[in-house]
Structures are given as C-alpha cells and as structure tokens.
Amino acid sequence: MQAYFAPEQMAHDPKQFMWEGRLCDPKDVAERTQALLAALRTLHIDVHEPDDYGVTPAAAVHASDYLAFLAHAYEEWQTLSNPGMEVLGSHSPYYNARVESLARPPCPSTSIVAKAGYYLSDLSSPIGPHTYTSALRSTHSAVAAARAVREGASSAYALCRPSGHHVRHDCAAGFCYLNNGAIAVAQLREKFARIAVLDIDVHHGDGTQQIFYRRDDVLTISLHADPIDYYPFFTGYASETGHGAGQGYNLNLPLPRGTEDTVWLAHFAHALERVRTYKPDALVIALGFDAHAQDPLGVLDLSNECFRAVAAQIRQLSLPTVLVQEGGYAVDHIGASLTAFLEGFLERRPTGLPSPRR
Ligand SMILES: [Zn+2]
C-alpha cells in the first residue's frame, strides 16, 4: 500500500477554537500528524509526496466563490484596522440549512468580516497564514491516493490534515477547509460508475452528505455520535436519506454517547450490508479515530481492536479503496489506532503496540 502526505500540510497552525462558550487551545495540532507518520514508518509503508494538482480537483466539489474566499481570506483580514491573529467569523447570517440545498449565492458583501461569517459556519475553523496552502496540499494527498487506485492499486492511504468531511459545497466547519474525501470521490468517478463513502469518524460527515445528497452515483454512509446533543448538531439524523435522484442513497447511523465496540460493530454490519446491496465499484473510507475511548473530543468508547476488526471487514468487500484520514485528537493514541486499522486492513499480524482502553 502507498501513502501520501505533503510536508506543507504541517504548516497550518490554528491558535484557537470555540467550544461550549470558551476559546480553547486547538486540537488539530501537528503532533497528530507526526504520530500518524510514525505509525506508517512502523508498518514500513512508504509515504510519497503528492504532485501539485492546483485547485482544479477541489473545484470539482466546491463553489468558486468559496474557494476564492479561502485563498485570499488571511491576506484580506490584514486590511482590517486591528485584525485578530486569525480569520474567524463574528457574524452568523441567516442560512437555510436544509439538507437538500447545495449552494447559496456568493456573499453579497465584499467585507472580509462578512465573508468570514458567511463561509465559516462555526468557530472551529480559523484561517491563519498557512491554512490555505495546507488545506490545498491535503487535497493533493487525497487526489494522489485516488489516482493510484484509479490506475489499478487495490488501495491507498491519504494522510489528510487538515481533515475534510465537515466542509460543505461552500462552507468550512469543524477544523476542515476542503473536503478531501469528496474530492477523492470526484477523482474516482472518472473511472468508476458508483462510489460508496463510509465515514467512521465520531462526527457526522455533514459536508460529504450535503455534497452528494442529490446523487445516486455516490452512496454516503456515516456512523457517528447522535447529533441530538453532539457536533455537528444540525444534521446526521436517521431521517436524512437523500433527495431527488439521491433519495435512498444516504444512510445515517447515529449512536448514543458511550457506545462500545460490540454495539458499534452491530451498526457497522448494517452499514456494510447497505454497501453490498449498492454494489459500488470503489470505496472511500472517511477514517476518523475520534470515536476512540481516549479521544478528548469524542463521546464514544471504541478500542483499537474495534478499528482492527472494522478494517478486516472493509477488506473483505474486495473493493478498490481510498482511505482518507479524518479526525482523531488523542495524540498519544492516534498512532496505535492507525496501526491497528492498517494491520487489520492489510492482514498483518499485530505489532504488539498497546491498544489502551479507559
Ligand atoms: Zn471527527
């Protein structure tokens, strides 16, 4: 298996995010990435630097006005008389967040303050001087992995950081700026007719759901903590099943806080059954590890053995598969989570690394 990662993805260095009324220290820290890279080294998986594909792959799934905002936001922010250290919204425009609607018109105001409110849907996606470059290079890792699979590899891993699954067609959210998984789907669609996206991050993959909500050529499935009292709150409910041609091609499996391996795996079996009946030609896994029991943001109670079991079951689908890294914020555990997953996926014997449980 080949893995893809660009050093520029480390440069994004968020300083803050708002959590339950407090500005907190960032959770998407570079140490996460170091831990994932160390896990790949342990497994002797080669990490390749992706080519520079520019913004074209991202433009396949994101609105042009949103991409322009992202590219210039930090520079425009500096024109304010007393700018804060990062671009962060202070206005929340009325927005019809109905799941079936894809896009809004471009922001009517040219003010960067207005645009920050319009294009950043929460206070967890601050834009610093290197954010755009890191996010763009993160998409390139996803593109390289998808192209490897398109060209015949059975699987590939994209070490995407920043993550992507919360980004809608035209809006950043949840530590994410560009939807790497959706971009991988667009790349795969150039060869494969039907794609399934299986999201195992603890958070609902709301951006990915929205991007493909009206389509039947992309099945989206997400297992996540119940949004009734957990981020992203507004979507991720079982009643969201798709719209128009996409009706029946979105499956949400919300789980109560504290869900452990056995119950989670029973729901995962349901997700796999849906994948099988859909008969996709290729698979994208939104690979978050924040459902781990030790995750500082997660509210589920999974072990690394669960990730190992999940991976083995995904392998048994025998589909061309792109693994796209999403969340996971337990710096001391995320490497072991990736190791367990990849050992399961690649049918390797466990290395004996600890798989801690609370
Ligand atoms: Zn997450």
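Summary table below
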| read-out | value |
| --- | --- |
| Contacts under 8 angstrom Cβ, first residue in region 326-343 being closer than 19 Å to residue 204 by Cβ and open to solvent by less than 10 Å² (accessible area, probe 1.4 Å), partner part of a helix (DSSP H, G or I) and not hydrophobic (A, V, I, L, M, F, W, C), 6 or more apart | 326/181; 328/32; 328/337 |
| Residue within region 105-113 that is surrounded by fewer than 19 Cβ atoms within 10 Å (Cβ to Cβ) and assigned to a helix (DSSP H, G or I) present | yes |
| Region 50-80, residues that are in contact with a Phe, Trp or Tyr (Cβ under 8 Å, 6 or more places away or on another chain) and not in a helix (DSSP H, G or I) | 50 |
| Index of the failed condition, residue 83 passing every other in (1) in contact (Cβ under 8 Å) with a residue 12 or more places away in the chain; (2) open to solvent by less than 50 Å² (accessible area, probe 1.4 Å); (3) not in a helix (DSSP H, G or I) | (1) |
| Every residue from region 264-278 that is among the small types (Gly, Ala, Ser) and surrounded by 15 or more Cβ atoms within 10 Å (Cβ to Cβ) | 271 |
| Test for residue 260: is it touching a residue at least 40 places away in the same chain (Cβ under 8 Å) and farther than 17 Å from residue 165 by Cβ | yes |
| Residue that is more than 16 Å from the ligand (Cβ to nearest atom) and assigned to a helix (DSSP H, G or I), where the choices are 335, 258 | 335 |
| Count of region 33-54 residues which are touching a helix residue (DSSP H, G or I) at 6+ places or on another chain (Cβ under 6 Å) and of a type outside the set (Ser, Thr, Tyr) | 7 |
| Residue in region 130-148 that is more than 14 Å from the chain's Cα centre (by Cα), assigned to a loop (DSSP other than H, G, I, E, B), more than 16 Å from the ligand (Cβ to nearest atom) and among the hydroxyl-bearing types (Ser, Thr, Tyr) present | no |
| Single residue of 261, 281, 290 found to be open to solvent by less than 10 Å² (accessible area, probe 1.4 Å) and of a type in the set (D, E, K, R) | 290 |
| Residue in region 1-14 that is surrounded by fewer than 18 Cβ atoms within 10 Å (Cβ to Cβ) and under 30 Å from residue 104 (Cα atoms) present | yes |
| Flag for residue 173 being in contact with an Asp or Glu (Cβ under 9 Å, 6 or more places away or on another chain) and of a type in the set (A, V, I, L, M, F, W, C) | yes |
| Test: residue in region 149-157 that is among the β-branched types (Val, Ile, Thr) and either open to solvent by 10 Å² or more (accessible area, probe 1.4 Å) or touching an Asp or Glu at 6+ places or on another chain (Cβ under 8 Å) (or both) | no |
| Identity of the residue in region 293-317, more than 13 Å from the ligand (Cβ to nearest atom) and open to solvent by 30 Å² or more (accessible area, probe 1.4 Å), that ends up nearest to residue 202 (Cα to Cα) | 294 |
| Those residues of region 233-258 which are under 19 Å from residue 124 (Cα atoms) and either open to solvent by 10 Å² or more (accessible area, probe 1.4 Å) or out of contact with any helix residue (DSSP H, G or I) (no Cβ under 6 Å at 6 or more places or on another chain) (or both), in sequence order | 233, 234 |
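This table checks each residue for (1) modelled with pLDDT of 95 or more; (2) more than 16 Å from the ligand (Cβ to nearest atom); (3) touching a Cys at 6+ places or on another chain (Cβ under 8 Å).
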{"residue": "75", "(1), (2), (3)": "yes, yes, no"}
{"residue": "91", "(1), (2), (3)": "no, yes, no"}
{"residue": "97", "(1), (2), (3)": "no, yes, no"}
{"residue": "108", "(1), (2), (3)": "no, yes, no"}
{"residue": "113", "(1), (2), (3)": "yes, yes, no"}
{"residue": "127", "(1), (2), (3)": "yes, yes, no"}
{"residue": "153", "(1), (2), (3)": "yes, yes, no"}
{"residue": "160", "(1), (2), (3)": "yes, no, no"}
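The values are calculated or read from the model by the stated rules, or taken from the named source; none is laboratory data. Here the structure is a predicted model, which is why all the values come from computation and not from measurement. Virtual Cβ from ideal backbone geometry, glycine too; neighbours counted across all protein chains shown. Only protein heavy atoms, including side chains, enter the accessible area calculation; ligands, DNA and RNA are left aside. Shrake-Rupley method; radii C 1.70, N 1.55, O 1.52, S 1.80 Å.
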